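Worksheet for the structure shown next.
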């Protein structure tokens, strides 16, 4: 197969994933944290599709290839459901406190 | 080719999912804030599912092109998940009313969380596992934030949500690596790929093992992925926590066990990694519980320690390569009923809509309500693992398996931790039977509360008294 090799896609996917992880750890705004989590999920999708295309696309491996592509559809659907719930929770917090910074969420500790 | 569909093996899950939808419709039609009908529909649906499970749970089976594999463990775990949802739905009305939570979404969400938990129990396919875990988790995020006017409830919801979604990312990346190595999403095939493939695939599989361990560790609240547990337990409404700690955990525990079983043959490192997490969870859970004055946080650390005991069984099965479900089934049985019972007692002891938050608030509970006090004795003994209670038998089975698997050091750590844990559990009993009461008003006990306490007490003691016929009925001996 011509063009970008599989390793290129996996490297990009890992870069996206690590960016997401680092972002979740260092950022303090829940919406930005949430965007970083979405970045992690997109890294997953990229990895699945790259594997399906490069390793499991021969005619003898239709089932294996389809499995990876199916997984991507499910990941996207679940990510959408998570957005709905997550933004709802963030809205509820904003109504109570007018401030959504995660460092200010410190009622529960000990 | 479309494979034959065995509807009967998904019937219990389907009934619970449909119950959730029906409950939502009923809530919309009746629209009354007390939700009596919503609650009745949910209780009835969960009961139907329980009956179907018991009636059809006779034999192990795989269906849906082996995407669904119901073994003994899966069937019993599904039973426990539904049972905990049933009891929570039974005792919730008075609690929700006292807390002024007028949202009818509670019962449908509970049913859907149960659906997710049941799906997780019944599969070794990573796609189905992922979807099940997400159905369970997303419902639980909503439930944790159910008390919209309370900053604590909302704070617990966002902490649970952000950390849970973060963990999902790790789980998914692990699944992607597994897929890259094998082209399959069925984790029971891990071993054959491990032994037949080249070094590249082994790197991918090792990476997938590490990432999935992180993801499942979060869901089971194993140390060092446990930080969310005490905060969420403290902030979320108690009836939600009661389900989270029992029905919500069973699925994650079974997934961890299946995961250890599937990856076990890859090498000693699998068992040792899980055993390491188990030791950390037991030690950190018990040590942090020692200094706790807050009851719900104490129970959270206790559940972290219990997750450690479950991880011991997962490490055992990963190293022994002969699969015996008995120890985990018995342990889960005891854990679920005991924890449920403790939370029901906590909800009973609530006054003016505030459940007891510290150990001092429990003082004199035995004189205020003898039923609550004495059932708590049974539950605490079961948590310690002392006397003719299921907690004792569960731990004995786990220890025996650990010795059989040549993990003597792990058995020693577990015994030491059980002894250590006894101290703070006895602290609970000490306050309950303390003569000076924080409040002398007797507790009015409602019918559903008595019924659920009776189920829990009977289960905890009965599983020891009738253990031979029970095992025979489950087909384990």
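We did not get these values from a lab; they are worked out from the coordinates using the rules stated. Predicted model only: the values in this text are computed from it and were never measured. Backbone-built Cβ (ideal geometry, glycine too); neighbour counts: all protein chains shown.
Need one number: convex hull volume per residue for the protein assembly as shown, Cα atoms only, in Å³.
144 Å³
Suppose R0 equals 25 Å; then what is the FRET efficiency for residue B:196 and residue A:70 from their Cβ-Cβ distance, rounded to the nearest 0.05?
0.55
At a 10 Å Cβ-Cβ cut-off, how would you order B:56, A:60, B:81, B:316, fewest neighbours first?
In increasing order of surrounding Cβ atoms, one gets A:60, B:56, B:316, B:81.
Sorted by packing (mean other beta-carbon atoms within 10 Å per residue), highest first, where do B:333-344, B:354-365, B:61-72, B:160-171 land?
B:333-344, B:160-171, B:354-365, B:61-72
For the range B:361-477, place one equal point scatterer on every Cα, skip the solvent, and apply the Debye formula. What is log10 of I(q)/I(0) at q = 0.12, 0.20, 0.23 Å⁻¹?
Each listed q corresponds, in turn, to -0.57, -1.10, -1.24.
Per-residue mean of other chain beta-carbon atoms within 10 angstrom of the beta-carbon, peptide A:79-90?
Partner Cβ neighbours, averaged per residue: 5.
Give, as ranges by residue number, the residues of the range A:62-80 whose backbone N falls under 17 Å from the point 7 Å along Cα→Cβ of residue B:189.
A:62-72
Looking only at other chains, what is the average number of their beta-carbon atoms within 10 angstrom of each beta-carbon in B:148-155?
Across the residues of B:148-155, the mean count of other-chain Cβ atoms within 10 Å is 5.
Cα convex hull of the range B:385-435: how many Å³ per residue?
61 Å³
Take residue B:47 and residue B:203, extend 7 Å from each Cα along the Cα→Cβ direction, and tell me the distance between the two endpoints in nm.
Computed distance between label sites residue B:47 and residue B:203 equals 5.9 nm.
Restricting to DSSP H runs of at least four residues, report the calculated mean residue ellipticity at 222 nm for chain B, -39500 (n - 2.57) per run over all residues, nearest 500 deg cm²/dmol.
-25500 deg cm²/dmol
Can you compute the FRET efficiency between residue B:467 and residue A:4 using 1/(1 + (r/R0)^6), with r the Cβ-Cβ distance and R0 = 51 Å? Round to the nearest 0.05.
Efficiency computed from Cβ-Cβ geometry: 0.25.
Using alpha carbons only, how many degrees (0 to 90, rounded to 10) separate the axis of helix A:6-26 from the longest principal axis of chain A?
10 degrees
In percent, how large is the relative contact order of chain A, given Cα pairs closer than 8 Å and 6 or more residues apart?
The value is 26 percent.
At a threshold of 8 angstrom on Cα-Cα distance, excluding pairs fewer than six apart, so keeping six or more, what relative contact order does chain B reach in percent?
14 percent
Return the average number of partner chain Cβ atoms within 10 angstrom of each residue Cβ along peptide B:136-144.
2
Take the Cα atoms of the range B:63-152, build their convex hull, and give its volume per residue in Å³.
Roughly 93 Å³ of hull volume per residue.
What's the long-distance tail for chain B, i.e. % of Cα pairs beyond 32 Å?
Tail of the P(r) past 32 Å holds 35 percent of the pairs.
Return the whole-Å distance between the Cα centroid of the range A:41-110 and the Cα centroid of the range B:322-389.
37 Å
Stretched out fully, how many nm does the piece from residue B:358 to residue B:28 gain, at 0.36 nm a residue minus the Cα gap?
115.0 nm
Using the count of nearby Cβ atoms within 10 Å as a rough guide to exposure, how do B:310, B:287, B:10, B:43 rank from fewest to most?
Taking fewest neighbouring Cβ atoms as first place, the list is B:287, B:10, B:43, B:310.
Take peptides B:269-277, A:85-93, A:4-12 and line them up by average Cβ neighbours within 10 Å, highest first, as a rough protection proxy.
Per-residue Cβ counts within 10 Å, averaged per peptide and sorted highest first, yield B:269-277, A:85-93, A:4-12.
Treating the angle as unsigned and between 0 and 90°, give the value, to the nearest 10°, between the Cα long axis of helix A:30-54 and the longest Cα principal axis of chain A.
10 degrees
What full-extension length gain, to one decimal in nm, is calculated for residue B:227 and residue B:451 as 0.36 nm per residue of separation minus the Cα-Cα distance?
Contour length minus Cα-Cα distance gives 77.2 nm.
Which shape class, rounded, prolate or oblate, goes with the range A:62-110 when its Cα gyration tensor gives a ≥ b ≥ c as root eigenvalues, a/c under 1.5 marks rounded, and past that a/b bigger than b/c marks prolate?
Because a/c hits 1.5 or more and a/b exceeds b/c, the range A:62-110 counts as prolate.
For the range A:6-104, what are the per-bin percents of Cα-Cα distances with bins 10 Å wide, up to the bin holding the maximum?
P(r) for the range A:6-104, in whole percents per bin: 15, 35, 28, 15, 6, 1.
Give me B:368, A:28 sorted ascending by neighbouring Cβ count inside 10 Å, so fewest comes first.
Ordered by Cβ neighbours within 10 Å, fewest first: A:28, B:368.
Once both labels are modelled 7 Å past Cα along the beta-carbon direction, what's the residue B:441-residue A:84 spacing in nm?
Reported label-point gap for residue B:441 and residue A:84 is 4.1 nm.
How far is helix B:36-56 tilted off the main Cα axis of chain B, in degrees rounded to 10, range 0 to 90?
Compared with the principal axis, the helix lies near 40 degrees.
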